[in-house]
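Inspection log for the structure reproduced underneath, given as structure tokens.
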Amino acid sequence: MLVRVRGAIEGIGKYLKEGHKAGREHSRDELDERLILAGDLDITDAIINSLDGTGQLYNHITLSFKEDFIPEETLAAIVEDFRAFAMSAFREEEYNFYAEAHLPKIKSLINNKEGKLYERKPHIHILIPKVNLLTGKRAEPFGFFKLSEEHIAAWQQKINNQYGLADPQDNRRYDFTDASEMISRYKGDTFDGANKELRGRILDAVLSRKIESYEQFSEMLKEFGAVRQRNSGKPNQYANVKPADSPKGINLKDYVFSREFLALSIEDKRRYIATEDHRTYQAAAAPRKTSAECEAILKDWHERRAKEVKYLNSGYTSLYERYSKQMNRDQKIAFLAERELRFYQRHLGADYGRDTTDRTDARAAAFERIGDNLRSSSADLAAARGAAGNLDRAAGNLADRAAIRAVATALERRAGNQRQSRAPAQHGAERAANGVVGRYRRELDERRAVGQAAKGGEFGEIKQHLEAGRLLAHLSKSHGVIVEKYEVTRGKDGSERIKCGNRNLNVSDFLTKEMSLPWKDAAPILREVYAAQRGRVHHQAKQAPNRELWAKYQDWKKNDAPHEQREAKRQIRAAHKEAIAQATKEFNAARSRIEGDRTLARGEAKRLIDIAKATREHAKKEARDSRNVALAAEREKWSEKEGKLYKRFLAEAAQTTDPYAEAALDELRKHAPDVAEKEDAASYIKAADQNAKEQGAPIKREMRYSVDLKGHVTYKIDGREALKDEGKRVNILRASDGDVIEQGLYLAKAKFGKVLTLHGSDEFKAEAVRIAVEKNIPVDFSDQHLQRMKHQLEQQKAERQRLREQGRKAIEVERARKEKEKAEAAQQARAKAKEKTKTDAGKPAPATAKDATAAPVQAPEPVLAVPGSQPPHKQHGTYKGEVLAVDNAYVYQQTGKNVVHHLRTQFNELPKVGDELAIRYDAGKVTHVKEIDRGHGYGR
């Protein structure tokens, strides 16, 4: 536990109730469960607001805990211990005291400035107005803080030991800042506040140069500026460094600059820095013994320092000079006792302190009141236990703490509640509802509700079967739960539990006990997560934002976003102004037309003008409504709640050509909500293994696309939406378009790997398989039927390829044979011509007229390019199949297992090799040719 005396917060009462402050988007009710431990906030706030003067008008003390869970009775007891310590020198009627604990519902938040995750732990706010209610004068329980710091530290140590709480002296952190719930463990980014960068560079130098002694550190520090040692030779010695360009020195009080830390080995230093405490669940340990030195300091507080603050002005007066320098301890205590007596005689009457009998009677009456309160509390608790009925064992365990809670409540009533009786009824109602006993009653009521729901079967089933890891992942997004802090175990009944320190809680108790959620908020969460589990929703835990992208986001939000927002509002207002002007223009035109119409009677003209006015006013109202709706939508568009603005930045960044665009898309998908897989009629492709991590395919920049806030990338082909990359699936928006399916298969292959699952109609699946085979896309399908179809198509394609290759080779052989025959014929012709020339030279000239009629030359039978092909045997019918070859005589077509050759002269337009044709014959002649895939008709 850490005690901090904090500065004033404007409107402290409203802050504690509502939780709003700059940079925070959550309300108090969303952030924390408020547990009132002492006093009445409305009374305290009223007293503070009634005080005159400047400066801080109240003490604001926070008690912060490293532990993730502190029992409520422990919190109440700590507050009473603090009251007894801080107000040691005051009577009850002299002061007002208020305390409330905040039990986090939201366990972590993102630091808006740096994008770091900081954890939220239980903590207590204590308010003490700086006024003595007996005298009406200013009162200060601690005085000059430096002079009381030792006593506060001693009380802190005693309480930590008494309740087994972590002590800052034993569990050193790098920093105790306003975000002290989180310990930054990153080298060079450890510090907050002023001179953060310089201290980070110094730590970086300590690690990189392997400094292992305070002397080495002091010598190295001279490189950063002039060095001075504070408290030299004492245990709390620290260095002060003053850079040349700095007006003052910087105190290096951080633990990482202490003699103790510097003496560690470099491995131990790095291990210490690398340890992230917020990843480990922190629970209270066993009580420890408080040292005699600490007890002596506390004794001194009660006997001397507390009264010294109240009764003695520490200014430079002769009285204070004599007190501080001439009196020993016993004389000081006697002197303060005399001042105390005179104070109360002045304000309570001259007889104060003289009649011991009256004081004894008053003391006895006070204890009698305590007894009455205890008996009353016990009766209340007994009634609550009786009303609980036969609840489960947990309720019994809760009831075992009744006596402790009753004591705390009685102390609470005793300590100042005499003033609460004058508070309005609603204040008391709030106090009762949020107090310790009130919470106990509420827990019993909620357990009754859980028990009744379980009897109905719904929550019994949920508690038995809900996956605890899934619940934690959901809460990491909705309530900032750090999943790594918790271990999932299994109970004797087989249901999953969540380990919280030494407690193993079922999923229901985790929400109400660990998360401090009322049952009305817990029940819907259980329903939602269980429905997601049954709906096979993929879940992932929330992750801290990418630091580089977060820095760019902050720059965009500071510089670009305001300009965009102003421009959007300007356009909305300009549109509104134009609409009003148009309505006015139309009215003026209508009025001029009516007034210029001499055929209208005066009454009729007036009626028409009134209608025109009504039309104008209606148009103006519509324009105003439209403007207001648009402005509201614009405000929502720029809202930072639930990370909406960050998502918008990421979506816009993903659509740029910047180097970090792909990282922005990946980051956007990490922050997308878990959604159920839609078993709809859509055609889509997804990974075969739903637990496999997608590869994060890059955006297909060659296609037009847009990115929405869910991280969905919608692609356009030919100007129309064609594909939607939804992260876990690729949605085919145009399932009848082969080009779209082809692009979808390539995208799915890049995202999910080789094995894919198709969803949609049988026609879509068959077409996707066919395209994968025809386009040689290297994918397989999880559906065995589709995989067999793929193998069959591949075999058919291979056979066609074989026949095509065979035909090609046959054509080449035939062509070569013909070329050879042609060459041989030419050679023979040349030889004959030569021989003929020689013969003709010795013969007489040929006759001038023919002696006989030449015999006709028979044309040779054409050679088949595809051997074994057959002529068409159908007089009427259709041949379907792929064109294998075309030569000078025939068109060769694969029809089933056979090849048919059609006369080339039957075709007006020759088909191409590879075309899928339907060739119809009538009376033995081709009458129609149609390409099957595209429907192209060759005609006849």
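Between the alpha-carbon centers of the range 708-781 and the range 499-520, tell me the distance in whole angstrom.
Rounded to whole Å, the Cα centres lie 44 Å apart.
Which of the lysines could a cross-linker span from Lys912 if the Cα-Cα distance has to be under 18 Å and same-chain partners fewer than 8 positions apart are dropped?
Filter leaves Lys797, Lys809, Lys880, Lys930.
Sequence-distant or interchain residues sharing an amide H contact under 5 Å with Cys500, placed H: which?
Leu505
What ranking of Trp155, Trp301 emerges when the number of other C-beta atoms within 10 Å of each C-beta is taken as an exposure proxy, fewest first? Could you put the intermediate results ahead of the total?
On the way: Trp155 19, Trp301 23.
Neighbour counts put them in this order, fewest first: Trp155, Trp301.
Quick check on the exposure proxy: order Arg570, Arg669 from fewest to most C-beta atoms within 10 angstrom. Don't jump to the answer; show the numbers that get you there.
Working: Arg570 10, Arg669 21.
So the residues, fewest neighbours to most, are Arg570, Arg669.
For the range 643-782, what's the radius of gyration and Dmax over Cα atoms, in angstrom?
Radius of gyration, then largest Cα-Cα span, for the range 643-782: 14.7, 45 Å.
Taking amide hydrogens as modeled 1.01 Å from N in the peptide plane, which residues meet the under 5 Å criterion relative to Glu33, leaving out close sequence neighbours?
Counting only residues 5 or more places away or on other chains, the set is Leu103, Lys105.
Using θ = phi - 60° and the Karplus relation 6.51 cos²θ - 1.76 cosθ + 1.60, list the HN-Hα couplings for the range 210-215 in order, rounded to whole Hz, with x at every Gly or Pro.
Values per residue, Gly and Pro as x: 6, 5, 10, 7, 5, 5 Hz.
Give the whole-number value, in cubic angstrom per residue, of the convex hull volume spanned by the C-alpha atoms of the range 452-542. It would help to have the intermediate numbers written out before the result.
Details: hull volume 8.7 nm³, N = 91.
Convex hull volume per residue, Cα atoms: 95 Å³.
Work out the count of Lys pairs in the range 196-275 where the Cα-Cα distance is under 16 Å, with the pair 8 or more places apart or on different chains. It would help to have the intermediate numbers written out before the result.
Numbers: Lys196/Lys242; Lys196/Lys248; Lys196/Lys253; Lys210/Lys269; Lys222/Lys242; Lys222/Lys248; Lys234/Lys253; Lys242/Lys253.
Lysine pairs meeting both conditions in the range 196-275 amount to 8.
Taking the Cα centre as origin and putting +1 on Lys and Arg beta-carbons and -1 on Asp and Glu beta-carbons, what dipole magnitude results for the range 547-638, to the nearest 20 debye? Each step should come with its number before you reach the end.
Working: 24 positive and 16 negative charges, 60 e Å.
That gives a dipole near 280 debye.
Would you check the range 547-638 for Lys pairs whose C-alpha atoms are within less than 15 Å, ignoring same-chain pairs closer than 8 in sequence, and give me the count?
Close lysine pairs under the 15 Å cut-off: 9.
If amide H atoms are built 1.01 Å from N in the plane of the peptide, which residues on other chains or at least 5 residues away come under 5 Å of the amide H of Ala38?
Amide H to amide H, under 5 Å and 5 or more residues apart or across chains, Ala38 pairs with Ala99.
Taking all pairs of different Cα atoms in the range 2-163, averaging 1/r and flipping that mean, what Kirkwood radius in angstroms comes out? The partial results should precede the final answer.
Details: mean 1/r = 0.0595 Å⁻¹.
Taking the inverse mean of 1/r over all distinct Cα pairs, the range 2-163 comes out at 16.8 Å.
Going down the list Lys107/Lys158; Lys289/Lys477; Lys146/Lys641, which pairs span over 30 Å between their C-alpha atoms? Let's see the in-between values first.
Details: Lys107/Lys158 28 Å; Lys289/Lys477 41 Å; Lys146/Lys641 41 Å.
The answer is Lys289/Lys477; Lys146/Lys641.
Fewest Cβ neighbours within 10 Å first, please rank Ser869, Ser478 accordingly. Could you put the intermediate results ahead of the total?
Values: Ser869 20, Ser478 15.
By the 10 Å Cβ count, ascending: Ser478, Ser869.
Students often check this: by mean Cβ neighbours within 10 Å, which of 876-884, 785-793, 729-737 ranks highest, and how do the rest follow?
Values: 876-884: 17.4, 785-793: 14.9, 729-737: 20.2.
Descending packing order for the listed peptides: 729-737, 876-884, 785-793.
Taking θ as phi - 60°, what are the ³J(HN,Hα) couplings along the range 11-16 by the Karplus curve (6.51, -1.76, 1.60), each to the nearest whole Hz, with x for Gly and Pro?
The phi angles translate into x, 4, x, 5, 4, 5 Hz.
Using only alpha carbon positions, build the gyration tensor of the range 63-118, then give the equivalent ellipsoid semi-axes as the square roots of 5 times its eigenvalues, largest first, whole angstrom. Show your work: numbers first, answer last.
Values: eigenvalues 201, 40, 17 Å².
Semi-axis lengths for the range 63-118 are 32, 14, 9 Å.
For the range 522-527, what does the Karplus curve 6.51 cos²θ - 1.76 cosθ + 1.60, with θ = phi - 60°, yield as ³J(HN,Hα) per residue in whole Hz, taken in order and with x for Gly and Pro?
Calculated HN-Hα couplings, in order: 6, 4, x, 5, 4, 4 Hz.
Read-outs throughout are calculated quantities, based only on the coordinates presented, and are distinct from any laboratory measurement. From a predicted model like this one, the values you see are computed outputs, not experimental measurements. Neighbour counts are summed over all protein chains in view; Cβ atoms, including those assigned to glycine, are modelled from backbone coordinates with ideal geometry.
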